[in-house]
Amino acid sequence: MLYFYLSWDGYYAYLGCLPLLSAVTALLHCVLIVLLKKVIVGSFKKGDHGFYSRYHFCWALMMTLLAPVYPLIEAMHGTVLAVWFYRAMGASVGSRTCVHGKALEFDLLQVAEGASIGRLCDTTCHTVENMVIKLADVSIGKASDVGARAVVMPGASLGDGASLLPHSLVLKGEAAPAGSTYAGLPAEAVVLDAAPNADADAAAPLLV
């Protein structure tokens, strides 16, 4: 009976330690990814890189290593843990920011103070054109907002206080001015119709 009691006691103690073990494992996994990124890539820089070049293989390897970590990163989204991880990976992330979505070339991502990136957004900083990987900055201005599932393409930017509505796409080289609201595929400047007698439940965007 004593053995049975001690065995179950140890079992429950083990179960009680599982959350702590999971947290420590997750932390070590993140630290490992940060270190591997510094060794394999160093810092992502703007420029063009052909397929099958050394840079292409390093870039692809980093993407492969990050893939199994994305669920863990998603679990941290919207918290200060995500901000810390983005900074450790080289991104410029200001204070009081809310970060969701997917990123890869963190060194080219700039998220200013008070900005918000919604769920399932794409903030990767590359395009692939004619077997050439093209890297460019993505800039999210101060107190700006990127809606859920929206995309700010490499080389594009949102000015301070700008808003990109959900499911919208800012094309390469486009810049949403400060205080503007953009929507659509591709995104264009809009005004919100908040008329009391509007049929829609929410304000409808109208092209300027």
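The values are calculated or read from the model by the stated rules, or taken from the named source; none is laboratory data. This structure is a prediction, so every number in the text was calculated from the model and none was measured. All Cβ positions, even for glycine, are placed from backbone atoms using ideal geometry, and neighbour counts span all protein chains on display.
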Considering (1) within 29 Å of His29 (Cβ to Cβ); (2) crowded, with 16+ Cβ neighbours inside 10 Å, say which one Asp145 fails and leave the rest.
(1)
Which residue pairs have Cβ atoms closer than 9 Å, lie 6 or more positions apart in sequence or on different chains, and pair a first residue in region 74-98 that is at pLDDT below 90 with a second residue that is among the aromatic types (Phe, Trp, Tyr)?
Met76/Trp84; Met76/Phe85
Listed by first then second residue, the pairs whose first member lies in region 160-183 and is farther than 17 Å from Asp137 by Cα, whose partner is charged (D, E, K, R) and not in a strand (DSSP E or B), with beta carbons under 8 Å and at least 6 positions apart or on separate chains, are Gly161/Lys142; Pro166/Arg149; His167/Arg149; Ala178/Asp160; Gly179/Asp160
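One line per residue, one yes/no per condition, for (1) part of a strand (DSSP E or B); (2) surrounded by fewer than 18 Cβ atoms within 10 Å (Cβ to Cβ):
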site	(1), (2)
Pro154	no, no
Asp160	no, yes
His167	no, yes
Lys172	no, yes
Ala189	yes, yes
